[in-house]
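Here, each number is a calculation from the coordinates, and none is a lab measurement. What you see is a predicted model; the values in this text were computed from it and never measured. Don't worry about glycine lacking a Cβ; one is built from the backbone with ideal geometry, like all the others, and counts go over all protein chains shown.
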Amino acid sequence: MQRTKAQVRAEILAARRSVTPQIRGAEADALVVHLPAVIDPGQTVCAYVPVGSEPGSLGLIDALVRVDVVVLLPVARQNSAGTPQPLQWGRYRQGELVAAPFGLREPPPPWLPADAVAGAAVVLVPALAVDRHGVRLGRGAGFYDRTLSLADPSAALVAVVRDDELVAHLPAEPHDVRMTHALTPGAGLTPLDKPAPMPDSGR
């Protein structure tokens, strides 16, 4: 029986909680080492500030700035009905992050609208897992699903995961935006396959 997204989420979150701070730190440092394969100086990159057990670090964001990259970080908000809205973006400047909803940290205003993602050459996307065909498993809120459709079609959409979170197959839904690459501590930047075309039914 195929596992549901909720079941896979629970398994991965439990596995992440078992990772020691030492291993998490070493993996974060390894991700920084792989950055030259991901970005070029002068680009705009959408990144994120990791929370809890998410892969990555502020050190990775600072490393982007050191190579003359404009870094935009997400600003997550819901509307009055509690529905997640497309992410807004704030430019990262070292030492200026503030506390935000959902336990996040974000740049202070002014913020850019959601379609600012269209100016990014690379979008580093937090994920619980990603499969070889680019299906990303997020936390289920839908912020990124509502945002990544606005990205430039030529942009690299890079799911940042641990090595064992790059998997063969994940359950997919029609609204899922496929990732183009995975970034893991051990393997670095890994291109992902395009999904196979649906078979012709003859109708």
For the charge dipole of the chain, defined by +1 on Lys and Arg C-beta atoms and -1 on Asp and Glu C-beta atoms about the Cα centroid, which residue among 122, 10, 186 has the Cα displaced farthest towards the positive pole? 10
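Can you give the local net charge around residue 68? Use residues other than it whose beta-carbon is closer than 13 angstrom to its beta-carbon, Lys and Arg +1, Asp and Glu -1.
Numbers: positive: 66; negative: 40, 62.
So the surrounding residues net to -1.
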Students often check this: by mean Cβ neighbours within 10 Å, which of 30-43, 121-134 ranks highest, and how do the rest follow? 121-134, 30-43
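For the range 1-128, what's the relative contact order in percent, using C-alpha pairs closer than 8 Å and at least 6 residues apart?
Working: 180 pairs, mean separation 32.1, N = 128.
Relative contact order here is 25 percent.
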Name the shape class, rounded, prolate or oblate, that the alpha-carbon gyration tensor gives for the range 20-81, where a ≥ b ≥ c are the square roots of its eigenvalues, rounded holds for a/c under 1.5, and otherwise prolate holds if a/b is larger than b/c and oblate otherwise. oblate
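Given an 8 Å cut-off on Cα distances and at least 6 residues of separation, report the relative contact order of the range 118-187 as a percent.
43 percent
Give the percent of DSSP beta bridges with both residues in the chain that are antiparallel, rounded to the nearest 5.
Working: 14 of 29 bridges.
Antiparallel bridges make up about 50 percent of those DSSP assigns within the chain.
If you keep only loop residues by DSSP, which GluC sites (Glu not before Pro) in the range 1-106 have at most 13 other Cβ atoms within 10 Å of their Cβ?
96
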How many angstrom lie between the Cα centre of the range 1-65 and the Cα centre of the range 99-117? 19 Å
Gyration tensor on Cα atoms of the range 1-110, a ≥ b ≥ c root eigenvalues, a/c under 1.5 rounded, else prolate if a/b beats b/c, else oblate, says oblate
Choice from 19, 49, 117 showing the highest fluctuation, given a GNM over the chain with Cα pairs closer than 10 Å: 19
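Which shape class applies to the range 47-136: rounded if a/c is under 1.5, otherwise prolate when a/b exceeds b/c and oblate if not, where a ≥ b ≥ c are the square roots of the Cα gyration tensor eigenvalues?
Values: a/c = 1.33, a/b = 1.04, b/c = 1.28.
Here the range 47-136 falls in the rounded category.
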Residue 89 long-range amide H proximity, modeled H, under 5 Å: 75, 112
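Treating only the Cβ of Lys, Arg, Asp and Glu as charged (+1, +1, -1, -1), what charge dipole size does the range 5-191 show about its Cα centre? Round to the nearest 20 debye.
Numbers: 16 positive and 18 negative charges, 78 e Å.
Here the range 5-191 has a charge dipole of around 380 debye.
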Sum -39500 (n - 2.57) across every DSSP H segment of at least 4 residues in the chain, then divide by the residue count to get the 222 nm mean residue ellipticity, nearest 500. -6000 deg cm²/dmol
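With a sphere of radius 13 Å drawn around the Cβ of residue 77, what net charge do the other residues whose Cβ falls strictly inside it have (Lys, Arg +1; Asp, Glu -1)? Let's see the in-between values first.
Details: positive: 146; negative: 106.
For residues surrounding residue 77, the net value is 0.
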Which FRET efficiency value, to the nearest 0.05, do you get for residue 163 and residue 65 by plugging their Cβ-Cβ distance into 1/(1 + (r/R0)^6) with R0 = 22 Å? 0.25
